[in-house]
Amino acid sequence: MPELPEVETIRRGLEHYLVGHKIVDVEIRVPKLFEGNPKDVIDGKVKKVRRFGKGLVIDLSNGYSLAIHIKLTGQLIYRDKKTEDEPVSKEKVGTLPSKLTHVIFELDKGARLYYNDARRFGWIKVVKTDEVGNLPFFKSMGPEPFKDLTLEYFKKVLMNSNLAVKPLIMDQKRIGGIGNIYANDALYYAKIDPRRPAKTLKDSEIKKLYEGVHKVMEEGMKYGGSSELNYVNVLGQEGSYQDHTLAYGRQGDICERDGGRIQKIYLGGRGTYVCEKCQK
DNA sequence: AGTATCCTGGAA
DNA sequence: TTCCAGGATACT
């Protein structure tokens, strides 16, 4: 599921392939995903691509931006004459456009940007660049790992909440970018039970968890993200972090630290993976 | 703090 | 055929 490492991988790809391209036309096949006037982005040239937590912003030269959230199953795939011959994931993407393609950005020089989304949870919004920060999702976003999430702030968030630590660190308003996969793995790394009320964590545990969050997300980016679900990069290729998770998706596996078995439980309605022997 | 909602492909 | 997946929001 796209979290910070997946969305950052996409951002880098978009930055690399999109900057300099002009948007020539927009084809909207599923209107509910698209907000704002598509005409406002036509003739706009891509200046840069930003990421805030799990959200993306494509800034154009004409004062408008595309704010995008791919939620669980969104894909942004770039194709041009050069990349056309590089195969996209047959399983996750198929032939473009597919029946899951809901928006197509026609770019200059014969290039295209496809937005696919199996579950149609994602959104694309046209907004003035200087109003991006007013969108509720961006406005309420907390500080994020690798950026402005300091250990001091992290400590403060955890110490002041009775919430179970896992749903707490996944709250985008408090901390941006952490989702289910990396929350599970970071907690496993730090040997902390995801159900622990956050304020019961000791300083040393908070520090270890902070370290774990960064560690597992770094691994995520190293492996090009997790393609457990529909995630692919802008070339339509899968990542492989799903083969390197510490705890996520590993129910029944033996914990290599102590030989315990990783259990799947539900916490806050979400699949949660925990070795009860070493995660206390 | 837990639960329903959106939505649908794919697994069971 | 039913159920599950979960990011974010909106309820209760």
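Quick notes on this one:
- Being of a type in the set (S, T, N, Q), within 16 Å of DNA strand C (Cβ to nearest atom) and outside any loop (DSSP other than H, G, I, E, B) holds for only one residue in A:Thr272, A:Thr245, and it is A:Thr272.
- Just one of the numbered conditions (1) touching a His at 6+ places or on another chain (Cβ under 6 Å); (2) surrounded by fewer than 17 Cβ atoms within 10 Å (Cβ to Cβ) is not true of A:Pro145: (2).
- The test for being in contact with a Ser or Thr (Cβ under 9 Å, 6 or more places away or on another chain), in a helix (DSSP H, G or I) and either closer than 21 Å to A:Lys207 by Cβ or not hydroxyl-bearing (Ser, Thr, Tyr) (or both) does not hold for A:Leu158.
- Residues in the stretch A:127-142 that are more than 20 Å from the chain's Cα centre (by Cα) and either surrounded by 15 or more Cβ atoms within 10 Å (Cβ to Cβ) or acidic (Asp, Glu) (or both): A:Val127, A:Thr129, A:Asp130, A:Glu131.
- When the residues of the stretch A:32-86 are filtered to those that are within 16 Å of DNA strand C (Cβ to nearest atom) and of a type in the set (Lys, Arg), the one that is farthest from A:Pro143 (Cα to Cα) is A:Lys32.
Here is a yes/no grid of residues against (1) under 22 Å from the mean Cα position of the chain (by Cα); (2) among the aliphatic types (A, V, I, L, M); (3) buried (at least 21 other Cβ atoms within 10 Å of the Cβ):
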site	(1), (2), (3)
A:Arg12	yes, no, no
A:Gly36	no, no, no
A:Lys47	yes, no, no
A:Arg50	yes, no, no
A:Val57	yes, yes, yes
A:Tyr64	no, no, yes
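- Scan the stretch A:94-153 for residues that are outside any strand (DSSP E or B), within 16 Å of DNA strand B (Cβ to nearest atom) and of a type in the set (Val, Ile, Thr) and the total you get is 1.
- Matching residues, the stretch A:219-266, being more than 18 Å from the chain's Cα centre (by Cα) and either within 16 Å of DNA strand B (Cβ to nearest atom) or at positive phi (or both): A:Arg250, A:Gln251, A:Gly252, A:Asp253, A:Gly259, A:Lys264, A:Ile265, A:Tyr266
We did not get these values from a lab; they are worked out from the coordinates using the rules stated. Because the structure is a prediction, the values reported are computed rather than measured. Cβ atoms come from the backbone with ideal geometry, glycine included; neighbour counts cover every protein chain shown.
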